[in-house]
Every structure is written in C-alpha cells, then in structure tokens.
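The values are calculated or read from the model by the stated rules, or taken from the named source; none is laboratory data. Just so it is clear, the structure is predicted and the values come from calculations on it, not from any experiment. Neighbour counts are summed over all protein chains in view; Cβ atoms, including those assigned to glycine, are modelled from backbone coordinates with ideal geometry.
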Protein chains: 2
Amino acid sequence: MTTPRIHIVTLGVDDLPRARRFYEALGWHASSTSNENICFLKGGAAVLALYGRAALAEDAQCEDRPSGFAAVTLARNAASKDEVDTWYSAALQAGARAIKPPQEVFWGGYSGYIADPDGHLWEFAFNPFLVFDEHGNLALPD
Amino acid sequence: MTTPRIHIVTLGVDDLPRARRFYEALGWHASSTSNENICFLKGGAAVLALYGRAALAEDAQCEDRPSGFAAVTLARNAASKDEVDTWYSAALQAGARAIKPPQEVFWGGYSGYIADPDGHLWEFAFNPFLVFDEHGNLALPD
C-alpha cells in the first residue's frame with residue numbers, strides 16, 4: 001500500500017476574493033490554475049485550496065449547517081517565539097480574528113491561534129522538541 | 001518573508017485509540033513521539049495529528065459546540081480511478097462512513113468522500129489535470 005498523505009486541505013469560504021487576499025497578504029502564492037470559483041495556494045508540499053463553502057458542502061453531499069467548533073486546526077511551525085509573534089501580528093493586520101495570543105503552553109512550547117476571515121483556525125507554534133528537515137517540513141522520528 | 005505552509009493538520013477526536021486504529025488501518029504510520037494524549041501520523045510532508053476534541057477546543061480557547069458542517073476537507077489524490085475505488089473501499093472496511101461513492105464529477109475528475117470515525121471528511125480523488133512531483137506531492141503550476 002502506498003503511503004497515505006494529505007495532498008490538499010480545502011477550506012470552505014463565504015467570500016473567495018476576501019479569503020484569497022487574506023492568504024496572499026500572508027505570503028501564500030496562488031497558482032495560475034486558480035479561477036473565480038477556486039483558489040489553489042502553494043506553500044509547502046500540501047496545497048491549501050479555497051472554495052465556496054456552499055459549493056464544498058454540495059461537492060461532499062453534506063448539509064451546510066453552521067459549523068460550531070469544526071475540530072480541525074491547521075498549524076504553521078516557527079523556528080522561534082519571535083517568529084510566532086511576527087506571524088500572529090501579520091495575520092491580525094491582514095484581517096484575522098485574534099483567538100489566543102501567543103503564550104507559553106503546557107507542553108513546553110509557545111503558541112497562538114487566529115481565525116481566518118471565515119473562522120478557520122490556524123495555530124502558529126514554536127515547539128522546541130521538533131526539528132525541521134531540509135525542505136522545511138517537520139522531521140518527526142519514526 | 002518565508003513561504004508559509006501547513007506543517008500539521010490536527011483533527012479533534014472523541015476516542016483517540018479508535019481514531020489511531022482507523023488511520024493505521026489505512027496505512028498511516030504513528031511516530032514514536034505519539035502518546036496517550038496525542039498521535040502524530042506521518043504521511044507526506046504535512047503531519048496529521050489526532051487529539052482529543054475537548055482538549056483541542058481548550059487549546060484553541062474555543063467553545064466546543066457541535067460542529068455541523070466544518071467546511072474543511074482533506075484530500076488524498078490518486079493516480080487512477082481504480083485507486084480511488086480501492087481507497088474508498090479500504091476506508092469503509094476500516095470503519096469510515098460512506099458519504100459520496102466515487103463518481104465522475106463536473107470538473108472532469110473522479111472523486112468520493114468518506115467521513116472518519118469522528119466525522120472528518122476525506123476526499124479521494126483522481127484529477128487528470130494534475131501531476132505529481134518526484135516526492136509524490138501535487139506539482140501545481142506557479
């Protein structure tokens with residue numbers, strides 16, 4: 001069996017141009033394959049896609065009920081506490097909602113959360129116990 | 001500014017051993033850094049973490065309300081329609097809930113959706129317009 005992986009994370013959004021502007025302001029690059037209905041953002045290996053929330057619900061044949069707590073968070077890991085603070089401030093400046101200001105956390109790291117314009121949660125974290133590989137991804141032990 | 005990326009996708013789950021068994025049955029490998037409170041699954045470059053739903057809500061300082069439609073989907077891209085069918089069947093056998101049986105979709109691909117034991121949506125898709133790079137990730141044009 002080939003190793004499974006996350007190729008794409010798709011976020012359902014209410015206003016695609018607004019969502020795209022937000023992520024571009026944070027340094028994401030929209031692929032030329034993007035169009036007025038979907039936006040493919042290139043970062044690391046996994047693609048971040050933005051798609052209309054109603055269209056996403058329809059595609060998954062799910063009822064588009066209000067989401068409450070989605071129980072999904074996306075994390076970007078930093079090389080230092082300062083970097084966490086920088087990313088957090090930049091996100092607020094780009095229109096994110098403050099959720100949890102960066103702070104020391106019980107597991108020995110430093111982390112903060114923001115919500116993007118559609119309420120999707122991002123954690124910016126410095127984890128002193130994790131290292132990065134040469135591609136900038138997390139190098140977890142086997 | 002360094003390029004942003006998704007380092008970790010964390011799914012809030014109600015029963016961590018059940019969720020871990022489900023993903024391991026599908027070929028994900030749990031890192032030795034996993035413990036009784038969190039599981040780090042290694043696939044491609046992005047890490048898939050499983051964490052208690054209530055603990056995740058608390059970590060993000062969010063109220064743990066029922067989620068309705070989370071408006072987040074994770075996708076694994078296949079090299080063929082057959083592979084989509086295989087993954088879909090394997091997921092159901094491992095305890096997933098059938099959401100959308102694999103089928104031809106309007107954008108010219110072939111895709112199905114399942115929900116994991118906690119309701120998180122996965123799309124298995126064959127997209128004839130996308131190619132993979134040498135690492136097995138999607139190679140999106142700039």
(1) touching a residue at least 12 places away in the same chain (Cβ under 8 Å); (2) outside the structural domain of residue B:119 (by TED's automatic domain parsing); (3) within 23 Å of residue B:132 (Cα to Cα); (4) crowded, with 18+ Cβ neighbours inside 10 Å all hold for residue B:11 apart from (3)
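Every residue, every condition in (1) in a strand (DSSP E or B); (2) touching a residue at least 24 places away in the same chain (Cβ under 8 Å), yes or no:
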{"site": "A:18", "(1), (2)": "no, yes"}
{"site": "A:34", "(1), (2)": "no, no"}
{"site": "A:41", "(1), (2)": "yes, no"}
{"site": "A:49", "(1), (2)": "yes, yes"}
{"site": "A:58", "(1), (2)": "no, no"}
{"site": "A:68", "(1), (2)": "no, no"}
{"site": "A:74", "(1), (2)": "yes, yes"}
{"site": "A:91", "(1), (2)": "no, yes"}
{"site": "A:118", "(1), (2)": "no, yes"}
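Could you list, in sequence order, the residues of region A:86-110 that are of a type in the set (Ser, Thr, Tyr) and more than 14 Å from the chain's Cα centre (by Cα)?
First, pick out the residues of region A:86-110 that are of a type in the set (Ser, Thr, Tyr): A:86, A:88-89, A:110.
Answer for region A:86-110, where residues must be of a type in the set (Ser, Thr, Tyr) and more than 14 Å from the chain's Cα centre (by Cα): A:86, A:89, A:110.
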When (1) facing another protein chain (nearest Cβ under 7 Å); (2) closer than 23 Å to residue A:34 by Cα are applied to residue B:60, the one that fails is (2)
Within region A:14-37, the residues that are at the interface with another protein chain (Cβ under 7 Å from one of its Cβ atoms), small (Gly, Ala, Ser) and surrounded by 14 or more Cβ atoms within 10 Å (Cβ to Cβ) are A:27, A:31
Just one listed residue, out of A:22, A:69, is of a type in the set (Phe, Trp, Tyr) and closer than 27 Å to residue B:54 by Cβ, and it is A:69
